[in-house]
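The values are calculated or read from the model by the stated rules, or taken from the named source; none is laboratory data. Being a predicted model, the structure only gives us computed values, none of them experimental. Ideal geometry is used to build each Cβ from the backbone, glycine not excepted, and the neighbour counts take in all protein chains shown. Surface areas here come from the heavy atoms of the whole protein model, side chains and all, with no ligands, DNA or RNA. Shrake-Rupley method; radii C 1.70, N 1.55, O 1.52, S 1.80 Å.
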Amino acid sequence: MQLALFWIFSLLMLLFAAGVVLLRNPVSSAMSLVMSFVALAAVFVTLDAYFIAVVQVLVYAGAVMVLFLFIIMLLDLREEKSRRVRLSAWVGGGLVVGGFVSALVQVVSSLPGADSTKPAVSNPEANDVALVGFALFRDFNFPFQIIGVLLLVATVGVVLLSRKELK
Amino acid sequence: MPTLAHYLIVSGLLFSIGLAGVLLRRNILIIFMGLELMLNAANLSLVAFSRFNLLSDGMPNYNGQVLVFFIITVAAAEVAVGLAIIVALFRAKQTTHVEDLTTLKF
């Protein structure tokens, strides 16, 4: 059952991710990316990471993708005219990606413990959000504050960047 | 039951699809989407490692999930800044095609 769900959602995720790369229309690419993120959230659920799954849907499939679609509509991007395809670029890209995949398969197959199935947790009823929250606010309080400052800097930067005339 | 290798291979495939998008597409927005896919692939392997390597009390290692939380936050900030730069670029050059943006080319 778990295995079937894992395969369904990871194949959906990979299929829609391939759609992002292959589709010509930027809006179709963005919608495909939304579906890929939602399927990835389902894969997180098969790993019992409920909090991360919810954050994935809220932040990625919600906020980030709305921003993407908003910008695509704002710039009024049409379907790309198919320009002449540079064969060397495709061969080079394919070689890099293929080399990466084959290296990855080799590393994963030689990784000790890679064929272990999911170990049972001691307390399956534990509150996932509370445990992540404890780790976040007790052990990672300082990085959490830094992230807050980073978001502030990003907000100020975006406001500055989108002014009419850049000084 | 899926094993750790399943998750790592799927995460690696997602990463390589994102990498292919960055390398092969010429629209700067699609390149940006490829970057997001690559970040998500890293998140997937982090969560998988956190679930498969239980701590001594028999619970998942939540430090990995906290790192994923930080990555998602940084990615959201990155998308906001990146899209603002793309809009500024579009205002100046009227294009999102990377081959038309050669001002910085040496």
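Some notes on this structure:
- Of all the numbered requirements in (1) surrounded by fewer than 13 Cβ atoms within 10 Å (Cβ to Cβ); (2) of a type outside the set (A, V, I, L, M); (3) more than 7 Å from chain B (Cβ to nearest Cβ), residue A:119 misses one, and that requirement is (3).
- Residues of the stretch B:13-51 satisfying the condition of being among the aromatic types (Phe, Trp, Tyr) and farther than 21 Å from residue A:11 by Cα: B:32
- Residues within the stretch B:55-106 that are in contact with a Ser or Thr (Cβ under 9 Å, 6 or more places away or on another chain), open to solvent by 20 Å² or more (accessible area, probe 1.4 Å) and among the polar types (S, T, N, Q), tallied: 2
- Search result, residues across the stretch A:30-61 that are within 20 Å of residue B:80 (Cα to Cα) and more than 10 Å from chain B (Cβ to nearest Cβ): A:31, A:34, A:57, A:61
- Of the residues making up the stretch A:91-138, just one is touching an Asp or Glu at 6+ places or on another chain (Cβ under 9 Å) and hydrophobic (A, V, I, L, M, F, W, C), namely A:121.
- Residue in the stretch A:6-29 that is of a type in the set (Val, Ile, Thr), assigned to a helix (DSSP H, G or I) and more than 9 Å from every other protein chain (Cβ to nearest Cβ) present: yes
- The stretch B:1-41 - residue that is touching a helix residue (DSSP H, G or I) at 6+ places or on another chain (Cβ under 6 Å) and of a type in the set (S, T, N, Q) and, of those, surrounded by the most Cβ atoms within 10 Å (Cβ to Cβ): B:40
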